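The values are calculated or read from the model by the stated rules, or taken from the named source; none is laboratory data. This one's a predicted model, so the numbers in the text were calculated from it and none came from an experiment. Don't worry about glycine lacking a Cβ; one is built from the backbone with ideal geometry, like all the others, and counts go over all protein chains shown.
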Amino acid sequence: MRSDGTGPKGSPPKGSGDARPAGDSLSAAERERFSDLLVAVASSKDRDAYSELFAYYAPRVKSYLMRLGADAGLAEEIAQDVMVTLWRKADMFDRKQASVSTWIFRIARNRRIDVFRRTKRPALDPEETMILPQAMEAPEARVEAQETETRVRAAMKDLPPEQLEMLKLAFYEGLSHREIADRLDVPLGTVKSRIRLAFLKMKGRLGDE
């Protein structure tokens with residue numbers, strides 16, 4: 001893969017600037033090749049395979065983000081983050097469910113949504129009661145709270161990874177069930193059922209606490 005954005009094995013550029021998430025400018029053979037490359041990254045952290053994916057997709061992801069309204073600097077930053085995610089989470093790719101293009105551009109879209117939400121949040125009122133310092137806790141209450149937190153963390157460690165991940169997204173990042181489904185690319189019903197199961201398991205460990 002040449003760094004100037006030409007296709008696999010020196011083929012001509014496939015629609016330079018084409019940022020369509022479906023990746024429909026690729027032939028079936030090229031889609032299979034990219035899937036093989038991503039599987040190689042997932043299975044053995046193949047740097048050559050990653051370099052080829054990066055050279056092809058990074059400029060296209062940037063172009064796609066600029067089409068969605070991001071300026072060049074922000075688009076470049078998000079594109080870099082998307083490609084880091086590709087390296088770190090390649091094992092989450094399932095070639096039976098989606099093409100590499102669809103998978104990558106979905107990550108890019110979700111990253112852009114996250115950035116947009118962060119930048120659009122209104123400034124906090126310094127007098128807002130929700131962010132004012134809390135009154136000093138009694139020592140007994142503080143010890144009890146710490147013990148409860150310890151028990152909750154212990155109960156969470158017993159959860160299956162997929163349930164724990166969704167619980168963290170819901171309560172640590174404040175995402176809705178629909179946002180979690182979009183972030184993880186799973187059905188909404190799956191999100192609801194896994195979170196419900198996680199609560200039931202934790203309730204079994206913690207009782208009415």
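Report whether or not Leu53 is outside the structural domain of Asp182 (by TED's automatic domain parsing) and either among the basic types (Lys, Arg) or touching a helix residue (DSSP H, G or I) at 6+ places or on another chain (Cβ under 6 Å) (or both). Against the criterion (outside the structural domain of Asp182 (by TED's automatic domain parsing) and either among the basic types (Lys, Arg) or touching a helix residue (DSSP H, G or I) at 6+ places or on another chain (Cβ under 6 Å) (or both)), Leu53 qualifies. Checked against (1) modelled with pLDDT of 60 or more; (2) out of contact with any helix residue (DSSP H, G or I) (no Cβ under 6 Å at 6 or more places or on another chain), Arg111 meets all criteria but (2).
Taking the criterion of being of a type outside the set (Phe, Trp, Tyr) and crowded, with 18+ Cβ neighbours inside 10 Å, the residues of the stretch 47-62 that qualify are Ala49, Glu52, Leu53, Ala58, Pro59, Arg60, Val61, Lys62.
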